[in-house]
Amino acid sequence: KTVAASNYDATVRLWDVASGQEALLLSGHTSTVLDLAYSPDGQRLASVGADFTLRVWDLNPGSEALTIAAHAAAANGVAYSPDGKLLASAGADGKVKLWDPTTGKAVRTLGGDPHNWASVAFSADSQYIAAGSWDGVTGVWEAGTGRQLVSLTGHTNAIRTAVFSPDGKRLATASLDGTAKIWDWQAQKVLVTFDKHIHPNESAQYNSVWSLAFNPDGKRIATAGFDLTV
């Protein structure tokens, strides 16, 4: 019923979808807000920013519930686990961290080699976590143990978004190299590469895929690029 957007002005705004009217303005970050995530019940919103913090907001009445000094550099990505038990943040400090979304207490830092992490996402069953990095690497971890299972390489530029398919068997990555890839992540194998955002007559900056999403049955995927196309 609402849509939330983050902005370079350090605010988060929510709109009522039916009317298009602004419903809420959230202020508290001191720099660019880089990512947002609704809690599964829709009652809270998590935000991360270039001010290194993770913040959790109660949407009714619109107050800040938690402020977490999450990272030693920009906090780039945030995600709630679908079961609502964990909150994940991805940072430019090379760490992916898990938090208790109610208390804000640290649960664990995920293992593996450090990268400048750009995004983070849970699988639908809340068992696995994926993070894409500005270094072109995608990592997958067990949420329960923090153990890294795979490190996927194949993109030639930063990975802006990494998401699981609804059944958790596939992983999709969107990269600034102009491609999106579908992986059998457990086999560490690329199944499909989409390159429609690469335009030979444009400069390299336009050849980038910024976000993607599976449809609910996992049979289609949408990609959005810096070339102004979906």
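Structure notes:
Quick grid of which residues meet (1) within 15 Å of VAL78 (Cα to Cα); (2) part of a loop (DSSP other than H, G, I, E, B); (3) modelled with pLDDT under 95:
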site	(1), (2), (3)
LYS97	yes, no, no
VAL120	yes, no, no
SER151	no, no, no
ALA174	no, no, no
GLN186	no, yes, no
LEU191	no, no, no
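- Residue in region 209-229 that is among the aromatic types (Phe, Trp, Tyr), at pLDDT 95 or above and not in a strand (DSSP E or B) present: no
- Taking strands (runs of 3 or more DSSP E) as the structural unit, those lying wholly within region 8-51 and holding at least 1 residues that are within 17 Å of GLY77 (Cα to Cα) and of a type in the set (Gly, Ala, Ser) correspond to 33-38, 44-49.
- Residue check: GLY139 meets all listed conditions (1) more than 26 Å from ALA92 (Cα to Cα); (2) crowded, with 18+ Cβ neighbours inside 10 Å; (3) not acidic (Asp, Glu) but one, namely (1).
- If only residues of region 142-171 that are of a type in the set (S, T, N, Q) and either under 23 Å from ARG108 (Cα atoms) or open to solvent by 50 Å² or more (accessible area, probe 1.4 Å) (or both) are counted, the one that is nearest to the chain's Cα centre (by Cα) is THR161.
- Candidates ASN60, ASN76, ASN7, filtered to the one that is polar (S, T, N, Q), surrounded by 14 or more Cβ atoms within 10 Å (Cβ to Cβ) and more than 18 Å from VAL107 (Cα to Cα): ASN76
- Contacts under 9 angstrom Cβ, first residue in region 52-65 being modelled with pLDDT under 95, partner in a loop (DSSP other than H, G, I, E, B), 6 or more apart: ASN60/GLN43
- For region 178-193, the candidate set comprises residues that are without any contact (Cβ under 8 Å) to a residue 12 or more places away in the chain and in contact with a strand residue (DSSP E or B) (Cβ under 7 Å, 6 or more places away or on another chain); within that set, the residue that is most open to solvent (accessible area, probe 1.4 Å) is LYS189.
- Residues of region 98-107 classified as open to solvent by 70 Å² or more (accessible area, probe 1.4 Å) and under 18 Å from the mean Cα position of the chain (by Cα), total: 0
The values are calculated or read from the model by the stated rules, or taken from the named source; none is laboratory data. All figures in this text were calculated on a predicted structure; none of them were measured in a lab. Cβ atoms come from the backbone with ideal geometry, glycine included; neighbour counts cover every protein chain shown. With ligands, DNA and RNA removed, areas are computed over all heavy atoms of the protein, side chains included. Shrake-Rupley method; radii C 1.70, N 1.55, O 1.52, S 1.80 Å.
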